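In what follows, a single structure is set out as structure tokens and then discussed.
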Amino acid sequence: MNLPEKVSICEVGLRDGLQNEKVIPTTDDKVALLKGIIDAGYKVIEVGSFMHPKKVPQMADTDEIFKRIGEVPDDVELRALIPNTRGVQRAIDCGCKKVKLNVSASRMHNLKNLNRTPEESVAGFADCVKMANENNIAISGSISMPFASPWEGRTPVEDVDAIIEAYMKVGINEISLSDASGQAVPNQVYSLCKHVREKYPEASWWLHFHNTRGAAMANILAAMQAGMTRFDASFGGLGGCPFVPGAAGNISSEDVINMLDEMGIATGIDVLKVMALSRKVGELVGHGLDSYVLRAGRSKDLIASQTE
Ligand code: ZN
């Protein structure tokens, strides 16, 4: 089996996880969680978003979190989602050094989500990139529904290519493929990952899988076999999407890290610390979490418990 020696995991629970919750942790609790995430060994963390606070009230304190966390180690990247240049301005004002744009590969989803066509979104990216570059802020782009969407079914590869090329045209080479609706399946993931890596070798890629239909772990394996090494995950499998009917959470961080640990693939992240964080998150949001490892424990711990 063709597998990488090490992979990067980005913890997206503070953003994708919490943005659909009814009970939102306080800013103090979020800052404590962020410190815990850094302490667990994560090098890439999605802290929040600079969307309009009326649209996503759960993320209204993202600026405050950046201000309170202050300086982090040089090798730790804290990123936030932005919708437009106002988002870049908020990043500048609060000390955020990495921002991420998003466009939907589904025309209908993009209209619902952002009130504009994918082409109109792409036209606006150039201003964001210019402003970010001038202010020393790194910028990346995400494509949601590159595999399939609830409204249009399988996404044509040509549509994905067109968006990738639009990103590259404005100077964005770090691109995330986000299966927000949880419709991707492993053979499709393998072929699209292989296709984009071969066609756009200058780009770097993130994969973002929701576990809506239980295929996220298999999709990660398929993506790794196609050479991908960067994956988003959320503590306790928290998450959803306000625009996708029946959407479930992201793949759970501890499930992914436990599996990679057992496979001998390095992440640099302490799964026991992640499990403790996820339990804490469960207390804060007040409901059960969609995480196998939280229920069953690590497979590694079974032998120890038998010899006690
Ligand atoms: Zn997501």
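The values are calculated or read from the model by the stated rules, or taken from the named source; none is laboratory data. Since we're looking at a predicted model, the values are computed, not measured. Ideal geometry is used to build each Cβ from the backbone, glycine not excepted, and the neighbour counts take in all protein chains shown. Note: areas computed on protein heavy atoms with side chains; ligands, DNA, RNA excluded. Shrake-Rupley method; radii C 1.70, N 1.55, O 1.52, S 1.80 Å.
Taking each residue as 0.36 nm, the span from residue 218 to residue 292 lengthens on full extension beyond its C-alpha to C-alpha distance by 25.2 nm.
Taken one residue at a time, the phi angles of the range 75-84 give Karplus couplings (6.51, -1.76, 1.60, θ = phi - 60°) of 8, 9, 10, 9, 10, 9, 7, 10, x, 5 Hz. Gly and Pro are set to x.
Around the amide H of residue 205, modelled in the peptide plane, lie the amide H atoms of 175, all under 5 Å away and 5 or more residues distant in sequence or on another chain. Full extension of the chain between residue 89 and residue 20 gives 22.4 nm of extra length, using 0.36 nm per residue less the Cα-Cα distance.
Taking a ≥ b ≥ c as the square roots of the eigenvalues of the Cα gyration tensor, the range 184-308 is oblate, since a/c reaches 1.5 or more and a/b is not larger than b/c. Averaging the sequence gap over all C-alpha pairs within less than 8 Å and six or more residues apart, then dividing by the number of residues, gives the chain a relative contact order of 21 percent.
Rounded to the nearest 0.05, the FRET efficiency derived from the C-beta distance between residue 115 and residue 195 at R0 = 22 Å is 0.15. DSSP beta bridges confined to the chain are antiparallel in about 10 percent of cases. One way to sum up the overall shape of the chain is the equivalent ellipsoid from its Cα gyration tensor, whose semi-axes run 28, 24, 18 Å, largest first. Here the range 255-308 is treated with +1 on each Lys and Arg Cβ and -1 on each Asp and Glu Cβ, and its dipole about the Cα centre works out to around 120 debye.
Counting only Cβ charges, +1 for Lys and Arg and -1 for Asp and Glu, the dipole size of the chain around its Cα centre is about 500 debye.
Ordering 124, 33, 185 by Cα displacement along the dipole of the chain toward the positive end leaves 124 in first place; charges were set at the Cβ atoms of Lys, Arg (+1) and Asp, Glu (-1). On a per residue basis, the range 1-147 carries 44 Å² of accessible surface, using protein heavy atoms and a 1.4 Å probe. Here the range 129-230 is treated with +1 on each Lys and Arg Cβ and -1 on each Asp and Glu Cβ, and its dipole about the Cα centre works out to around 240 debye. When you restrict to C-alpha pairs under 8 Å that are six or more residues apart and normalise by the size of the range 1-140, the relative contact order lands at 19 percent. The amide H of residue 172, built 1.01 Å from its N in the peptide plane, has no neighbour under 5 Å, considering only residues 5 or more places off or on other chains. Close amide H pairs (under 5 Å, H built 1.01 Å from N) link residue 44 with 11, 77, residues at least 5 positions away or on another chain.
Pairs exceeding a 28 Å alpha-carbon distance, out of 112/169; 22/300; 6/169: 22/300; 6/169. Ignoring any ligand, DNA or RNA, what whole percent of the accessible area of the range 186-308 comes from carbon and sulfur when the probe is 1.4 angstrom? Reported share for carbon and sulfur atoms: 53 percent.
Mind running the shape call on the range 1-116? Use the C-alpha gyration tensor, a ≥ b ≥ c as the square roots of the eigenvalues: rounded below 1.5 for a/c, prolate if a/b tops b/c, oblate otherwise. It is oblate, given that a/c is not under 1.5 and a/b is not larger than b/c.
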